Amino acid sequence: MTSKTTDPPKNLSEMRKELYIWFKKNGRHELPWRKTKNSYQILVSEIMLQQTQVERVKPHWKNWITKWPNIKSLASASRGEVIHAWSGLGYNRRSVNLHRTAQRIESQYNSKVPMDEKILCELPGIGPYTAAAISCFSANKKTR
């Protein structure tokens, strides 16, 4: 593998431009959760991607979204169903946290995923990185 070295960017604007060009050429554009702005679908992907390889997440994410297409449907599922559907992703605690998060979003936020990072961090299983990713990919919010 050969790599081309270039001079470092001179300023932040130039750095952003270089990163954008790199991403257009090398980024993972085929990921289904990157083709949506649906905050629930992005929430599910970000929880699934915690310590799990992308290739393992892809089929599980598609099946999950088919089975539970929104917060309300996931919130009303049984814990057993949720844990069973999570099988193969590991760290089953994440499925329990995602289920509890869906229930809280349904009851406290009218089934709408909050975009405020502080509020997201108060939900089970969501830390600063996951909160930033959800608000960034769902609402194009700049993160800290």
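Here, each number is a calculation from the coordinates, and none is a lab measurement. Values in this document were obtained by computation on a predicted structure and should not be read as measured data. Cβ sites come from the backbone with ideal geometry, for glycine too, and all protein chains shown count toward neighbours.
Diffusion of region 10-132 by Stokes-Einstein, at 25 °C in a medium of 0.890 mPa s and with Rh set to the Kirkwood radius over alpha-carbon pairs, works out to 158 µm²/s.
Placing dummy labels 7 Å off each Cα toward the beta-carbon, the span from GLU14 to SER87 is 5.6 nm. Among ILE21, ILE119, ILE134, determine the one that fluctuates most according to a GNM of the chain built with springs between C-alpha atoms less than 10 Å apart. Largest GNM mean-square fluctuation: ILE21.
Note on region 37-139: with charges restricted to the Cβ of Lys and Arg (+1) and Asp and Glu (-1), its dipole about the Cα centre is near 220 debye. Within the straight-line cut-off of under 17 Å between alpha carbons, the aspartates and glutamates reachable from LYS58 are GLU30, GLU46, sequence neighbours fewer than 8 places apart in one chain being disregarded. A Förster radius of 22 Å combined with the Cβ-Cβ distance from LYS37 to ARG79 puts the calculated FRET efficiency at roughly 0.15.
Axis of helix 39-48 versus longest Cα principal axis of the chain: the two differ by about 90°, to the nearest ten degrees.
Which of TYR109, TYR20, TYR91 ends up with the largest GNM mean-square fluctuation for the chain, with Cα atoms connected below 10 Å? Highest fluctuation among the options: TYR20.
Counting every other Cβ atom within 10 Å of each residue's Cβ, MET115, MET48 order from fewest to most as MET115, MET48. Each of ILE126, ILE65 was scored by other Cβ atoms within 10 Å of its Cβ. Listed from fewest to most, they are ILE65, ILE126.
Contact order, relative form, for the chain: 23 percent (alpha carbon pairs under 8 Å, 6 or more residues apart, mean separation divided by residue count).
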